[in-house]
Amino acid sequence: MNKQKNIIEMKHIVKDFDGFKANDDLNLTLHQGEILALLGENGAGKSTLMSILSGLLAPTSGEIKVNGRQIAIVNPTVAKQLGIGMVHQHFMLAHSFTVLENIILGHETTKGPLLDLKQAREKVLALSEHYHLAIDPNQKVANITVAQQQRVEILKVLYRGADILIFDEPTAVLTPPEIKEFMHILKNLANEGKSIILITHKLEEIKKVADRVTIIRAGKDVGSYAVKDISNEKMAELMVGHPVTMKLAKAAVEPGKAILAVKDLVVKENRGTLAVKHLSFNVHAGEILGIAGIDGNGQDELVEAITGLRHSSSGEILIKDQDLANQAPRKITEAGVANIPADRQKYGLILQMSVADNLILQSYYQTPFSHHGIINFHQIKQHAQKLVKKFDILTPSIDLAGGELSGGNQQKVIIARELQRNSDLIIAFQPTRGLDVGAIETIHKQLLKEREQGKAILLVSYELSEIMALSDRILVLHNGEKSGVVKPEETTETELGLLMTGVKKEGKVVD
Ligand SMILES: Nc1ncnc2c1ncn2[C@@H]1O[C@H](COP(=O)(O)OP(=O)(O)OP(=O)(O)O)[C@@H](O)[C@H]1O
Ligand SMILES: [Mg+2]
């Protein structure tokens, strides 16, 4: 196949949001049958550019050619007719509908006046088999995992006959084994002749699957490179504008008393089976305890129980010696617990509310933001301006709706709010999900600073490199039980991998 045929050409694209240029003279060329990575910092303008290509946003100026023909992609229907399909950063599925209904929604096959469900189902199953995208067409979307939801999104664009596929941070929500599988799917699609644009912050993924990379910085064009000719360090430097160290200096901290003590905890998952089975552990002041494990081994239920979002069946959750098992989330927050949740759109932010209001979600009723029931707008504004600066949140204004922030900047808002509240216990679930390498460095340094200030941190992450770099001790969860507690300097990723599959640690356990 001739890889040089330009299937998409975007030239001099500008997108102006009320005077703020999210895209400022961007160029992008996609060759037939290639995987092109689109790289840039949080808020650089990647999702905006792809929304323009898929007809969701109109560019302020610039031109687009598809297959050599200049065209105005005025709405998603036009994009669909051109064979362009996008899997969005935040999935757009209807949760109360089944998988099959979601895939065919808006693109129904009819038999006379009637919906031909049988034919639609057959077509979906054939696609699912052909691309190794395993799904259960009868399941309600509300009951399936994010990895499954993503497969539904991919099938949805394939069902519509797309041969130009855009993936906006598809791996941010996936666990390492799911990512591996997804990389295969991408390769398969490209081998079939599909042309793919992949947005990701993970440089190794670009190295693994992409042919070329287009880099943008603050809405501006930095250039396009063949992936085989560019190092990870160079990509990082081009995207942030200065060299990135990727190494952390961790100060020695003597741990203090236990801030969180979990004792013999039992928690059930939604269907009533045990998810956390008689688990006990402590997190001390000045310590980061990392929880490693394959997704679905009790991490969600454990954190939900600690933060008051899920009932625990038995056992104790002592926070500064006070048993807070089965207490309301607000009481737990007020006892000094910060929570950076895994699902930022579901639990972390109120998307319709402004950035400033999102930054005071749990403290709006307290001084200085409210006094005798009167809201102090000046304080709220000052607080927001301070945090936006301190945490490098990229936003045209503190009045912007949370949902209009770029994905990574939404995550920064949550982290800023939670760390600002000066809690003794910080629960961080995948805190750097969706963040660019520069922002990851900032957040990691921030968490280490909190540790030096004597905070107790419970870090749950599927990224072993993150667990290894930050933790003082690592507790490995398998099937709701502790399969080992190790120190990062005394273990390897291979040993952690074994513990994660349930091979128990013999001998010394550092508790
Ligand atoms: N509707 C809107 N109104 C105002 N500003 C917007 C709107 N949509 C996006 N922006 C701004 O445009 C900038 C670019 O956002 P975009 O979502 O394209 O970034 P991104 O590169 O995808 O970042 P991330 O990696 O964090 O997802 C951000 O600063 C964002 O706040
Ligand atoms: Mg984005």
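Pick from the stretch 163-181 the residues that are part of a loop (DSSP other than H, G, I, E, B) and not hydroxyl-bearing (S, T, Y): which of them is farthest from ligand 2 (Cβ to nearest atom)? Please lay out each step first, then the result.
Of the residues in the stretch 163-181, the ones part of a loop (DSSP other than H, G, I, E, B) are 163, 169-175.
Still in the list and also not hydroxyl-bearing (S, T, Y): 163, 169-170, 172-174.
Details: D163: 23, E169: 6, P170: 12, A172: 9, V173: 13, L174: 16 Å.
That would be D163.
How about the stretch 169-199: which of its residues are over 13 Å from A210 (Cα atoms) and within 15 Å of the chain's Cα centre (by Cα)?
E169, P170, T171, A172, V173, L174, T175, P176, E178, I179
Please determine, by comparing only the residues of the stretch 207-227 that are touching a strand residue (DSSP E or B) at 6+ places or on another chain (Cβ under 9 Å) and within 14 Å of ligand 1 (Cβ to nearest atom), which one is modelled with the lowest pLDDT.
By that ranking, first place goes to A218.
When the stretch 10-19 is examined, which residues are found to be open to solvent by 70 Å² or more (accessible area, probe 1.4 Å) and out of contact with any Lys or Arg (no Cβ under 8 Å at 6 or more places or on another chain)? Give the derivation first.
Residues of the stretch 10-19 open to solvent by 70 Å² or more (accessible area, probe 1.4 Å): 11-12, 17-18.
Answer for the stretch 10-19, where residues must be open to solvent by 70 Å² or more (accessible area, probe 1.4 Å) and out of contact with any Lys or Arg (no Cβ under 8 Å at 6 or more places or on another chain): H12, F17, D18.
Please enumerate the residues belonging to the stretch 295-351 that are part of a strand (DSSP E or B), in contact (Cβ under 8 Å) with a residue 60 or more places away in the chain, β-branched (V, I, T) and under 24 Å from L274 (Cα atoms).
Correct list: I319 only.
Tally time: how many residues in the stretch 404-435 are in a helix (DSSP H, G or I), within 9 Å of ligand 1 (Cβ to nearest atom) and in contact (Cβ under 8 Å) with a residue 12 or more places away in the chain? Steps first, answer last, please.
Within the stretch 404-435, the subset in a helix (DSSP H, G or I) is 404, 407-420.
Add one more test, that the residue is within 9 Å of ligand 1 (Cβ to nearest atom), and what stays is 404, 407-412.
Okay, now just the ones that are also in contact (Cβ under 8 Å) with a residue 12 or more places away in the chain, so 407-412.
Number satisfying all stated conditions: 6.
Return the total of residues in the stretch 295-324 being open to solvent by 20 Å² or more (accessible area, probe 1.4 Å), more than 17 Å from D424 (Cβ to Cβ) and of a type outside the set (K, R).
Of the residues in that region, 12 qualify.
Tell me, please, whether a residue that is over 19 Å from D221 (Cβ atoms), within 12 Å of ligand 1 (Cβ to nearest atom), within 29 Å of the chain's Cα centre (by Cα) and open to solvent by 50 Å² or more (accessible area, probe 1.4 Å) can be found in the stretch 39-57. Talk me through it step by step, then tell me what you get.
From the stretch 39-57, those over 19 Å from D221 (Cβ atoms) are 54-56; that's our starting set.
Right, trim to within 12 Å of ligand 1 (Cβ to nearest atom) and you get 56.
Next, from what is left, pick out any that are within 29 Å of the chain's Cα centre (by Cα): 56.
From what's left, open to solvent by 50 Å² or more (accessible area, probe 1.4 Å): 56.
Yes: one or more hits.
Give the residues of the stretch 196-231 that are more than 30 Å from D16 (Cα to Cα) and surrounded by 15 or more Cβ atoms within 10 Å (Cβ to Cβ), sorted by residue number.
Those that are more than 30 Å from D16 (Cα to Cα) and surrounded by 15 or more Cβ atoms within 10 Å (Cβ to Cβ): E205, K207, K208, V209, D211, V227, I230.
Restricting attention to the stretch 192-237, which residues are among the acidic types (D, E) and not in a strand (DSSP E or B)?
We begin by selecting, within the stretch 192-237, every residue among the acidic types (D, E); these are 192, 204-205, 211, 221, 229, 233, 237.
Result: E192, E204, E205, D211, D229, E233, E237.
The values are calculated or read from the model by the stated rules, or taken from the named source; none is laboratory data. Since the structure is predicted, the reported quantities are computational estimates derived from the model, not experimental observations. With ideal geometry, Cβ positions are generated from the backbone for all residues, glycine too; neighbour counts draw on all protein chains shown. SASA here: full protein model, heavy atoms, side chains in, ligands and nucleic acids out. Shrake-Rupley method; radii C 1.70, N 1.55, O 1.52, S 1.80 Å.
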